[in-house]
Each structure stands twice: as structure tokens, then as C-alpha cells.
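Below is one structure, written out as C-alpha cells; the observations come after it.
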Amino acid sequence: MVNNYGMLELSIIIVNYNAEDLLLNCIKSIYECENSITFEIIVIDNNSKDNSRKSICAKFSQIKWIQNDTNLGFAAANNQGIEASQGKYCMLLNNDTLISDYALERLVKFIDNDETIGAVGPRILNTDGSLQLSCRRGLPNLMNSVGYFSKIYKVFPNNKALGSYTMSYISDSISHQVEALSGAAMVIRKEILCKLNGLDENFFMHFEDIDLCLRIGNLGYKLFYVHNSKIVHLKGQSSKLRSKKVIEDYNASLKYYYKKNYEKKKSFLSNILVYIFIWLRKILSITVYNIKQL
């Protein structure tokens, strides 16, 4: 990774794949919202077959557009954007997001005020205004994963063992330290991304953001959820037509994430239990998907 950056405060990096309308609305929201920071927008297109490039570049000639002739996946495409960025901070932003007034400014000011903070994330909302739990998380482990996927954490929201993945025991109305943020909207120091050589490209899609957060934390930096920076995420809209592949990618990434970061630290029995859990989750998810197609 190139480790020199210019005077721009923020480089907004957006990966696109066949999502012309979503990308158009996302970029419009960035330019139309109130912010006092300097920024650039970099779009990396993973070989879209729609009119994304022609449509967006005609309306926003000032953005940087990187065109791939194949779908490199989310992690690899983001790394291309990081390589081309000139900002002090890089923002990973999904194309199915809408930016609210001062959201970008508040994220940049928050991280700029404390050199021990390596990454920050906004309050990510659904279209109905409810909180997307992935915007402030603990790192996944066997106990909180069971609590999350079984929804038991909802019965015992103040139980840290079961609810630590969603941090349900901490109010979302205050900014606070977290272990992981969402790759849908995350601001990271460019110098840290250079040290880490960006995202791990062994992840095609899913868990590359959690893995990045883990590595940022391992460098000794803090991660923070910023409650008054608001972004709407139309979750899953850009991957609707690839549902079964998304399931397969998710579980493959989950398995790789565990193998990379935990397998050597855990006992043989613990590893067997985790891999059984991942396999069962995949079978259940595919079964539910197949039933919905009937």
C-alpha cells in the first residue's frame, strides 16, 4: 500500500456491482448533505453489466472511477480504492447507503480528536429508523454467536456473555468504544491501512470488516461507535439477486475468519464444535432459502 497521503481529510471508497440506482442515490446524498470537511469519492466497479459507469460519470465527473474487468470481491476492490486515495482518513462505504447531514463531519472530527482511535463508525439505521446492530459490535466468539443466531440475547439483553456481539447491554444513544464496526460505513486512518496492507483479500465478501477491526485492535488502537453520526443502510439491496451465493460466501468467510484468527489458539474439541456450528448454520440457511423459493 502507498503510505503517503495529501491534504484531503476523507477519501470515500465505494465498491459497486450492478447497482446503478443505489450508487446514484448514495453519491447524491453525499454531495447534498451538510458537511465542512474536504473529501473525494472513489468508486471501484466490479465489472457491472448495467449502466453504472456511464450514468454516474455523466452526473458526477469529479469522482474517481476504477473499472475492473472481473468481480474481484469486496476486500480486493476496497484495497484498490485505498491505494488510489489521497485522504488522511479512508471511509469504506456501501453503495446502498444514504448520508445524513453532518454524518461525515462528525466521524472525522471524532477520530481527529484522539490519536489512539484507529477507526470510527456511525449510527447505521434501517429505513424505518431502527438501529442496525452490526454498527457496534463485540468480536464474535462461540457464546455470543450462539446468543446472536438463536436470538437468546433478546431475552437477556443485559447478559454480556450472550449479548456481547450486539453490545445490547450498552445504550446506542451514547458514543462508546467497541471491538468491531460495520464495513457498510467505517472511517479508518490511512496510515493504519497502510501498515495492515489493507483488507485481507482471502475474504470475497463478509467478515473482512470484522477481521480488519480485529487487526486494528491488535495494533493497539481503539475503535468507537459515534452515536450522532447517522447513515441509512438499505441492507441487502445490492445482493438480493445473489441470495444463495451470499449464503455460501458468508459461511465460507466465517470459516476462514475463525481458522485464521482462532483455530491455533483453541483446543481440538473447541474447533470441532465451531466447525459443526458453522456447517449447521449453512445447512439451515440454505434450507430456509430453498423453502422461500417454492
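Collect the residues in region 153-210 that are closer than 25 Å to I12 by Cβ and among the small types (G, A, S), keeping them in residue-number order.
Across region 153-210, the qualifying residues are S175, A180, S182, G183, A184, A185, G198.
Pairs only if they're at least six apart or on different chains, beta carbon under 6 angstrom, first in region 133-151 and hydroxyl-bearing (S, T, Y), second in a loop (DSSP other than H, G, I, E, B); list them, first residue then second.
The qualifying pairs are S134/S182; Y148/Y165.
I need a count of the residues in region 115-140 that are part of a loop (DSSP other than H, G, I, E, B) and either within 18 Å of Y169 (Cα to Cα) or within 11 Å of the chain's Cα centre (by Cα) (or both).
Going through region 115-140 one residue at a time, the tally reaches 6.
Restricting to region 141-157, what's the tally of residues that are surrounded by 15 or more Cβ atoms within 10 Å (Cβ to Cβ), among the hydrophobic types (A, V, I, L, M, F, W, C) and not in a helix (DSSP H, G or I)?
0
Only one residue in S267, S229 is closer than 20 Å to L181 by Cβ and polar (S, T, N, Q). Which one?
Result: S229 is the single residue among S267, S229 that is closer than 20 Å to L181 by Cβ and polar (S, T, N, Q).
Is it the case, given these coordinates, that L98 is more than 29 Å from C194 (Cβ to Cβ), outside any helix (DSSP H, G or I) and either assigned by TED's automatic domain parsing to the domain that holds A184 or without any contact (Cβ under 8 Å) to a residue 40 or more places away in the chain (or both)?
When the stated conditions are applied, L98 passes them.
Name the one entry in N218, N228 that is in contact (Cβ under 8 Å) with a residue 12 or more places away in the chain and surrounded by fewer than 18 Cβ atoms within 10 Å (Cβ to Cβ).
The unique qualifying residue is N228.
Pick from region 171-187 the residues that are polar (S, T, N, Q) and in contact (Cβ under 8 Å) with a residue 12 or more places away in the chain: which of them is surrounded by the fewest Cβ atoms within 10 Å (Cβ to Cβ)?
Filtering first and then ranking leaves S173.
Condition check ((1) without any contact (Cβ under 8 Å) to a residue 24 or more places away in the chain; (2) under 22 Å from L196 (Cα atoms); (3) in contact with a Pro (Cβ under 9 Å, 6 or more places away or on another chain); (4) not in a loop (DSSP other than H, G, I, E, B)) across all residues:
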position	(1), (2), (3), (4)
I14	no, yes, no, yes
D45	no, no, no, yes
R53	yes, no, no, yes
A77	no, yes, no, yes
L93	no, yes, no, yes
E105	no, no, no, yes
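The values are calculated or read from the model by the stated rules, or taken from the named source; none is laboratory data. All values reported here derive from a predicted model rather than from experimental measurement. Positions of Cβ are generated from backbone atoms using ideal geometry, with glycine treated the same way; all protein chains shown enter the neighbour counts.
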